[in-house]
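Q: Please see the structure below; I have some questions.
The values are calculated or read from the model by the stated rules, or taken from the named source; none is laboratory data. What you are looking at is a predicted structure, and each value in this text was computed from that prediction instead of being measured. Please note: Cβ atoms are built from the backbone with ideal geometry, for glycine as well, and neighbour counts cover all protein chains shown.
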Amino acid sequence: MTMDYPFQRLRFASNLGKILDTRVIFLLFYLCLTACDRNPPESAQFAIPKDLKYVLNENPTKISTFQLTDQNGNNFTEKQLEGKWTFMFFGYSHCPDVCPITLMEMDDLSKLFAKSTSDKTEQNIQYLFVTVDPKRDTVAHLKNYIPYFNKTFTALTGPMENIDKLATAADIFHKIEYITEKIYIVEHGSALVLINPSGYYYARFDAPHYASDIHTTFEKIKRYYNGNPS
Amino acid sequence: MSKFLFRISLYSLVFTLIFISNVSAHTSGGIAVEHAWIREAPPNTKVLAAYLEIQNHTAKKRSISAVTSKQFDKTEIHLSTNIDGVAKMKAIGNVDIPAEGKVVFAPGGLHIMLIGAKVPLREGNSVNLIFHFKDGSSFATDVSVKKSKSKDSHDHGSTDHDDHMQHKH
């Protein structure tokens, strides 16, 4: 008996250790999940800073599966939205005013990031132009079109229903309006949509766009995303 | 006698010059265009936009009913709007220039939409635009194609593109 006691205590201790181990593992697992997810449960989320109120999406939503083709003929899916920030604009190449203005502003933005960041942030941002006019904006046409604004930008096209899927996920409206029987224009949401590195529709910048404003706001968004709202 | 003839020819020259200047003022009908440019389109893209300031130096309101160009399939006056986050372009039937006033066609707003360039246009090319007025008169002007830079990020709302271009170069 006297011999048993320390043994039992040991056994108890080892059981406690096991329980603790399991708990620690669960805790670590949970921490890892929240750290990886970056969209922590509401209780853990910071209040949206005032100046980001109309920019941040209150309920970030995961961009669901979609399949489009880039200007080089490669597949582009939701998987390419992960691990980097994405600025996305919907437009069409036959748009002579708003679309070139926005694409040039996106080019300015990319230059601001390239200039201002000492780390590799700028390499972690991609710029997408998604056509709402796939009939005219074929892969071949976009290959000529998009490098005119920036050689690193990606232009996406594909069947209308595939474009719709992405546009709906990003809350972007579009509609064809005929000027004559043959000539048409496309009305389209003018916002610049920001997708976070977890592939969530995270923020939107309404038109008119100013690269320097977006640049400043993006830094705040990134801090908020990384859990430091100050 | 030769002195007399000289005087006659001098007078007639002066009169002719006055007459010519009167004629040119008459054809422009008190209309002047400034800060005009057309944004170069990316390769293979045949829709362009023209921007300019059109002034009415007469005491009467002038109304633009159409703008045409032989270099394009179709030309329309458009207004870009952004309502509830949706970019739309609305065709405008008539553009009134108030007496002694002006109307500005600028990026993101009123512009002349040039649809279907018959010959590809690059920077340095020029486009002949004809403004047709409701009163039956017209005004022709050549506008050159420019590579545009985006609007200055510090200059919210400004439409003075020329200034900005100088900044960038």
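Q: Look at A:Thr131 and say whether it is in contact (Cβ under 8 Å) with a residue 40 or more places away in the chain and among the hydroxyl-bearing types (Ser, Thr, Tyr).
A: yes
Q: Can you confirm whether the range B:54-73 contains a residue that is more than 8 Å from chain A (Cβ to nearest Cβ), assigned to a strand (DSSP E or B), aromatic (Phe, Trp, Tyr) and out of contact with any helix residue (DSSP H, G or I) (no Cβ under 8 Å at 6 or more places or on another chain)?
A: Yes, that holds for at least one residue.
Q: If you take the residues of the range A:124-140 that are within 12 Å of chain B (Cβ to nearest Cβ) and surrounded by 18 or more Cβ atoms within 10 Å (Cβ to Cβ), which of them is nearest to A:Ala191 (Cα to Cα)? Step through it out loud before you land on a result.
A: Initial filter on the range A:124-140 (within 12 Å of chain B (Cβ to nearest Cβ)): A:129, A:132-133, A:136-138, A:140.
Right, trim to surrounded by 18 or more Cβ atoms within 10 Å (Cβ to Cβ) and you get A:129, A:132-133, A:137.
On the way: A:Phe129: 12, A:Val132: 14, A:Asp133: 17, A:Asp137: 20 Å.
Out of the qualifying residues, it is A:Phe129.
Q: Assigned to a strand (DSSP E or B), surrounded by fewer than 19 Cβ atoms within 10 Å (Cβ to Cβ) and either hydrophobic (A, V, I, L, M, F, W, C) or within 11 Å of another protein chain (Cβ to nearest Cβ) (or both): is that true of B:Asn128 in this structure?
A: Criteria not met by B:Asn128.
Q: List the number of the failed condition for B:Ala41; all other conditions in (1) out of contact with any strand residue (DSSP E or B) (no Cβ under 6 Å at 6 or more places or on another chain); (2) modelled with pLDDT under 95; (3) not in a strand (DSSP E or B) hold.
A: Only one criterion is unmet by B:Ala41, namely (1).
Q: While we're here: Going residue by residue through the range A:151-160, is there one that turns out to be within 14 Å of another protein chain (Cβ to nearest Cβ), in a helix (DSSP H, G or I) and under 16 Å from the mean Cα position of the chain (by Cα)?
A: The answer is no, given that none of the residues of the range A:151-160 is within 14 Å of another protein chain (Cβ to nearest Cβ), in a helix (DSSP H, G or I) and under 16 Å from the mean Cα position of the chain (by Cα).
Q: Okay, moving on. Give the residues of the range A:71-117 that are part of a loop (DSSP other than H, G, I, E, B) and either in contact (Cβ under 8 Å) with a residue 60 or more places away in the chain or facing another protein chain (nearest Cβ under 9 Å) (or both), sorted by residue number.
A: Once the filter is applied, which keeps residues that are part of a loop (DSSP other than H, G, I, E, B) and either in contact (Cβ under 8 Å) with a residue 60 or more places away in the chain or facing another protein chain (nearest Cβ under 9 Å) (or both), the range A:71-117 yields A:Gln71, A:Asn72, A:Gly73, A:Glu82, A:Gly83, A:Lys84, A:Tyr92, A:Ser93, A:His94, A:Cys95, A:Pro96, A:Asp97.
Q: So A:His188 ticks every box in (1) part of a loop (DSSP other than H, G, I, E, B); (2) closer than 21 Å to B:Gly108 by Cα but one. Which box is left unticked?
A: Going through (1) part of a loop (DSSP other than H, G, I, E, B); (2) closer than 21 Å to B:Gly108 by Cα one by one, A:His188 breaks only (1).
Q: Additional query: Go through the range B:84-120 and give me each residue that's under 16 Å from B:Glu40 (Cα atoms) and either of a type in the set (Ser, Thr, Tyr) or surrounded by fewer than 16 Cβ atoms within 10 Å (Cβ to Cβ) (or both).
A: Across the range B:84-120, the qualifying residues are B:Gly116, B:Lys118, B:Val119, B:Pro120.
Q: Those residues that are in a strand (DSSP E or B), without any contact (Cβ under 8 Å) to a residue 24 or more places away in the chain and within 15 Å of B:Asn94 (Cβ to Cβ), I need them from the range B:131-142; list them, please.
A: The one that is in a strand (DSSP E or B), without any contact (Cβ under 8 Å) to a residue 24 or more places away in the chain and within 15 Å of B:Asn94 (Cβ to Cβ): B:Ser138.
Residue-wise test of (1) touching a Ser or Thr at 6+ places or on another chain (Cβ under 7 Å); (2) more than 8 Å from chain A (Cβ to nearest Cβ); (3) part of a strand (DSSP E or B).
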| position | (1), (2), (3) |
| --- | --- |
| B:Glu76 | no, no, yes |
| B:Ser80 | no, no, yes |
| B:Ala99 | yes, yes, no |
| B:Val103 | no, yes, yes |
| B:Leu121 | no, yes, no |
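Q: Ok, one more. Looking at (1) modelled with pLDDT of 95 or more; (2) within 16 Å of the chain's Cα centre (by Cα), which is the only condition A:Glu122 fails?
A: It is condition (1) that A:Glu122 fails.
Q: Let me ask something additional. With the checklist (1) crowded, with 17+ Cβ neighbours inside 10 Å; (2) touching a Ser or Thr at 6+ places or on another chain (Cβ under 9 Å); (3) more than 7 Å from chain B (Cβ to nearest Cβ) in hand, flag the one item A:Ala207 doesn't pass.
A: Here A:Ala207 clears every test but (3).
Q: Can you tell which of A:Lys165, A:Lys143 is more than 26 Å from B:Asn44 (Cα to Cα) and buried (at least 16 other Cβ atoms within 10 Å of the Cβ)?
A: A:Lys165
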